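Below: the structure, in structure tokens.
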Ligand code: ADP
């Protein structure tokens, strides 16, 4: 009983004595519980999100792998199939040639896929750093046009590259990456426009608006913030091709996203280009906009702030005050050329007919007041510009400078043009610095090599080339290509051997070095560094060409940093090789 009472009392006490504090405590406990629950819920949500992200990443990875495998498989199948066909028809030359052509196409596609994937992964993992180097906008436009014009011509497109207002030709930025961006966009316009289309490209500059949104660009740590030392490079590319739906435009910058329909099914691509472009433009502090309508073409607008390079102080040795004959029937071209010549202190004399020019020059020669050069444009009223070049070359002799300003692809017309007597080429779109620079070079050394015997059978006997390559098959291919030129080729199988061979050669013995990068014992970078560090003049002067399968911009940079002069990527292209030999050995 006592126990019961006691219990009762305690029970009562419990109710009576602790009524108020218990409520507070319970409320406190409840709040703590609720906070705990909220925390758990947050943790749960975070976990769910992490799970979802991991699942999405996993799915993206699977999609990536399956796209990759599919995209690699397609050209691989073509290569293997063509190899089998070629083997079974080995005695039919035409058939084998056809197969080899197809193998070449498929393998170059495979190569671009692999390059894109590696580039993408470099960008993704933040392993690319943008370079700040001086470059000329004229060179950039020329390089782009060299790459895209043949593609456009092949598809019968009209490709118009217009140069708007240019405030500064010499800029600072990552020119290789800029080229990659622009080539990608124009390349797509060429690809996704049915044959015979119109592609319009325009490049211009303006001051960077103060409110230009370029906050996150690591590039801007340098000197491309808005101000007097920067310009905004504006690039526009429009086509009248197949266009894209609004729905697709939302995904265009996602890796591997491609439009899948009847119009695109036969067009090769990796779906990585746009993603790479977007990443690069972002990192440069630029802006990219796309507008498009299905069936109605597309338009890409890119704006990138770039720092202005210090003025090019190269003193052009122009024959100021002298007459330059301008042969051009197209009025706007002629006016542009004349204005540029005038601003270089020259006296342009414009004529539209070949016959008038021949007559005028005959008199000028008789009276001994020859102009300092003849500048050929695109067309004349009565004959082709190359026909005129032939006449003038005969009339005025081998020393007289004849320049050709043309939209044509120089590689395609070079043979014909140099045979006709043209000794320099200035590409369109025309930049003043290029026109005046070429004219200055040509007139200051009138003894230009006008040997028009062509590059194919050029004879380089007496020249010495060092070929540094560890792979026997590659050695054989390179040796085969080089030996037809008559040059003496010495082989080193690794970098150390190359260093030894160079060190033991007499001064100025080697005229050119082709250097592989990845080699046992000593790689190409180190070998180049060691050669460059030797205390002899030719170690600094010798032209070293990196010859490697690594064709990424980063690799090109590394080879430049090691002291190499240019990059020649494998598989070796005979045309490119001829160009290098021509430039370096026929100085
Ligand atoms: P791809 O290697 O497939 O060309 P990109 O990443 O460069 O990959 O482009 C992604 C996709 O965007 C293309 O597959 C194509 O469907 C679409 N696209 C890009 N540019 C154009 C264009 N100028 N016109 C129409 N479609 C385009």
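Just so it is clear, none of the values below were taken in a lab; they were calculated from the coordinates. Predicted model only: the values in this text are computed from it and were never measured. Cβ placement follows ideal geometry from the backbone for every residue including glycine, while neighbour counts extend to all protein chains displayed.
Give the order of 302, 87, 181 when sorted by the count of other beta carbons within 10 angstrom, beginning with the fewest.
Arranged by neighbour count, lowest to highest, 302, 87, 181 become 87, 302, 181.
Which number comes out as Rg/Rh for the chain once both Rg and the Kirkwood Rh are worked out on C-alpha atoms?
Using only Cα positions, Rg/Rh for the chain is 1.15.
Once every DSSP H run of n ≥ 4 in the chain is given -39500 (n - 2.57) and the sum is divided by its residues, what mean residue ellipticity at 222 nm do you get, rounded to the nearest 500 deg cm²/dmol?
Theoretical 222 nm ellipticity from helices: -16500 deg cm²/dmol.
Suppose each label sits 7 Å from its Cα in the direction of the beta carbon; what would the residue 80-residue 155 distance come out to in nanometres?
3.0 nm
Full-extension gain between residue 384 and residue 207, please, as 0.36 nm times their residue separation minus the C-alpha to C-alpha distance.
59.6 nm
Would you please give the FRET efficiency between residue 411 and residue 124, computed as 1/(1 + (r/R0)^6) with r the Cβ-Cβ distance and R0 = 51 Å, to the nearest 0.05?
Rounded to the nearest 0.05, the efficiency is 0.90.
What is the chain's relative contact order, in percent, from Cα pairs under 8 angstrom and six or more apart in sequence?
Reported relative contact order: 8 percent.
When you count, for each residue, the other Cβ atoms within 10 Å and take the mean per peptide, how do 400-407, 534-541, 172-179, 47-54 rank with the highest first?
400-407, 172-179, 534-541, 47-54
How far apart, in nm, are two points set 7 Å out from the Cα along the Cα-to-Cβ line at residue 264 and at residue 503?
5.7 nm
Starting from 0.36 nm per residue, how many nanometres of slack lie between residue 480 and residue 254 once their C-alpha separation is accounted for?
Residue separation times 0.36 nm, minus the Cα-Cα distance, leaves 77.0 nm.
Based on the Cβ-Cβ distance from residue 65 to residue 229, what FRET efficiency comes out when R0 is 41 Å, to the nearest 0.05?
0.35
If packing is taken as the average number of other Cβ atoms within 10 Å across a peptide's residues, how do 355-363, 131-139 rank, most packed first?
Most protected by this proxy first, the peptides run 131-139, 355-363.
Note down the relative contact order for the range 455-541 as a percent, whole number, built from C-alpha pairs under 8 angstrom at least six residues apart.
Contact order relative to length: 32 percent.
Suppose the chain between residue 50 and residue 565 were pulled fully straight at 0.36 nm per residue; how much longer would it get relative to their current alpha carbon spacing?
Full-extension gain reported as 180.5 nm.
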